[in-house]
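The values are calculated or read from the model by the stated rules, or taken from the named source; none is laboratory data. Not measured: the values here are computed from a predicted model. Note: ideal-geometry Cβ built from the backbone for every residue, glycine included; neighbour counts use all protein chains shown. Note: areas computed on protein heavy atoms with side chains; ligands, DNA, RNA excluded. Shrake-Rupley method; radii C 1.70, N 1.55, O 1.52, S 1.80 Å.
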Amino acid sequence: MDLLLLEKTLLGLFAAAIVAIAVSKLRGKRFRLPPGPLPVPIFGNWLQVGDDLNHRNLTDLAKRFGDILLLRMGQRNLVVVSSPDLSKEVLHTQGVEFGSRTRNVVFDIFTGKGQDMVFTVYGEHWRKMRRIMTVPFFTNKVVQQYREGWEAEAAAVVEDVKKNPAAAREGIVLRRRLQMMMYNNMYRIMFDRRFDSEDDPLFVKLKALNGERSRLAQSFDYNYGDFIPILRPFLRGYLKICKEVKERRLQLFKDYFVDERKKLASVKRMDNEGLKCAMDHILEAQQKGEINEDNVLYIVENINVAAIETTLWSIEWGIAELVNHPQIQRKLREEIDAVLGPGVPVTEPELYKLPYLQAVIKETLRLRMAIPLLVPHMNLHDAKLGGYDIPAESKILVNAWWLANNPAHWKKPEEFRPERFLEEEAKVEANGNDFRYLPFGVGRRSCPGIILALPILGVTIGQLVQNFELLPPPGQSKLDTTEKGGQFSLHILKHSTIVLKPRSF
Ligand code: HEM
């Protein structure tokens, strides 16, 4: 059986080589392609550049080949953009042309081939989904409806840590508690519900399935089957696991959250009480026939990955940098004490009075960008960029991390120095008003969640620094900040143990 498969594969590879050579000859004549390493038939540049296309490796390639470069990864064309001007072209000037998302074998499974919003092509379906999600998730009204909940969640973290004597002695993995907080922040918005304990079996199951989804989708292990379709049979086992995880996960969303909310909503409607949560709005759109039940579940899927993990990683990075830069941590604490008065909790309406806190957050998002290559873009049709031809359906990676860490554009970018956002870069905001700094992207496919993420980051980091001195564990002078990159994500490799010494006011 396996021999037969091997034989077929070898034959297929041979046939593909002939086709690839013929196509590249034809293409070479017609197209002026961006520079890049010389591809070989079938594999393209895959054997040269490998699987790990993280922001740092792509930066090294940009230094060799320039601000626009082309990698041929098997059958896939991958264009890497590394200058503010070309990024503006992709995200703004030609935002429609480059406003689609790439497909890949694994994301196709998790998104039902683009029935969601984050990974769907630019067009009617995306427009409808983005419109339907805006009112329940992405307005200032939502912030005002939920900000007290986020403040209470941060305060609950503070209380739990204070109750745990280990926190002030040998330290705790704070991330675990913050993870439940982030689930609660988003599940309050989505379903008007929260989890009381990290041991709640439903929370444990949810967290495990979301974790599996992220690991499977962000891994580089499936690249070979994605780049070289003829090798796809070898990926059968991997794709089977993806399908199982996807099905179990959507079923969990449906049985325990969406259906529960449907039942509750019908009771509430009769009583005519209570404010609507996001799911009530989404279910109304379903009732009107604008979207179907699968779309509803994919919205829940998108929020689980796009909102919870990204914000959690950013909080985790921010705390790690503050532990490793005690003088910055002290300065931040002094600002909060001076502006609010000792012991007065940091709340969302007060954030604008705390410029140093905002600068700490901006600096965290600059140096430790959670999505350093943005979510990959794609051009549905042949296009032009920087004077080059970009073949249809190329994957376009904007190296946003390099834009924000290139010494040609930033003073000592490798330093964690929030002051830059109060001094030489005081006008730069996180909303994309400067093409050197795009932690949330900009333009049509930019992150609509920025309106929630920034206050959640401010309230959480603010309350923690206000209530504790954050230190590395005994015997360690710094936290390990080794990075772990994925297909387009960046998080800290090791979830650090942190000592939190309560302050007395
Ligand atoms: C610190 C936290 C966050 C960061 C750094 C972040 C970053 C990003 C980035 C870089 C993109 C892709 C932009 C592009 O492709 O051009 C994106 C897309 C998206 N984000 Fe966020 N995000 C965060 C939090 C959130 C939150 C809290 C939500 C929802 C509540 C959210 C929802 C989305 C959605 C739905 C998209 C897809 C938009 C589209 O394709 O049209 N994000 N985010």
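Within region 463-470, is even one residue among the β-branched types (Val, Ile, Thr), farther than 20 Å from THR310 by Cα, buried (at least 16 other Cβ atoms within 10 Å of the Cβ) and more than 16 Å from the ligand (Cβ to nearest atom)? Yes.
Contact map, region 321-346: residues that are without any contact (Cβ under 8 Å) to a residue 40 or more places away in the chain paired with residues that are among the aromatic types (Phe, Trp, Tyr) and part of a helix (DSSP H, G or I), Cβ distance under 7 Å, separation 6+ or inter-chain. Pairs shown: LYS331/TYR356; GLU335/TYR356. One residue stands out among those in region 111-145 that are charged (D, E, K, R) and farther than 21 Å from ALA217 by Cα: the one that is nearest to the ligand (Cβ to nearest atom), which is ARG130. The lone criterion from (1) at pLDDT 95 or above; (2) touching a Leu at 6+ places or on another chain (Cβ under 9 Å); (3) open to solvent by 40 Å² or more (accessible area, probe 1.4 Å) left unmet by ARG127 is number (2). Selection of first residues in region 116-131 that are outside any helix (DSSP H, G or I) and of second residues that are of a type in the set (Val, Ile, Thr) and open to solvent by less than 50 Å² (accessible area, probe 1.4 Å), restricted to Cβ pairs under 6 Å at least 6 apart or on distinct chains, gives the following pairs, ordered by first then second residue: PHE119/THR111.
The set of residues in region 432-446 that are near the ligand (Cβ under 8 Å from one of its atoms) and either of a type in the set (S, T, N, Q) or touching a Gly at 6+ places or on another chain (Cβ under 6 Å) (or both) comprises LEU438, VAL442, GLY443, ARG444, ARG445, SER446. Could you list all residues from region 45-92 that are under 17 Å from LEU374 (Cα atoms) and open to solvent by 30 Å² or more (accessible area, probe 1.4 Å)? Hits for region 45-92 are ASP52, ARG56, ASN57, ASP67, ASP85, LYS88, GLU89, HIS92. Being among the charged types (D, E, K, R) and within 17 Å of VAL300 (Cα to Cα) is the filter; apply it to region 175-231 and report the residue that is least open to solvent (accessible area, probe 1.4 Å). Among them, the one singled out is ARG213. Within region 135-145, if we keep just the residues that are under 13 Å from GLY449 (Cβ atoms) and in a helix (DSSP H, G or I), the residue that is nearest to the chain's Cα centre (by Cα) turns out to be PHE137. Residues in region 377-402 that are within 12 Å of the ligand (Cβ to nearest atom) and closer than 15 Å to HIS92 by Cα: HIS377, MET378, ILE396, LEU397, VAL398, ALA400.
Against the test of being in contact with a helix residue (DSSP H, G or I) (Cβ under 9 Å, 6 or more places away or on another chain), at pLDDT below 95, assigned to a helix (DSSP H, G or I) and within 16 Å of the ligand (Cβ to nearest atom), the options GLU316, GLU301, GLU309 yield a single qualifying residue, GLU309. Filtered by the rule that a residue be open to solvent by 20 Å² or more (accessible area, probe 1.4 Å) and touching a strand residue (DSSP E or B) at 6+ places or on another chain (Cβ under 7 Å), region 138-165 gives LYS162, ASN164. Looking at region 373-382, is at least one residue touching a residue at least 60 places away in the same chain (Cβ under 8 Å) and touching a Pro at 6+ places or on another chain (Cβ under 9 Å)? The answer is yes; a qualifying residue exists.
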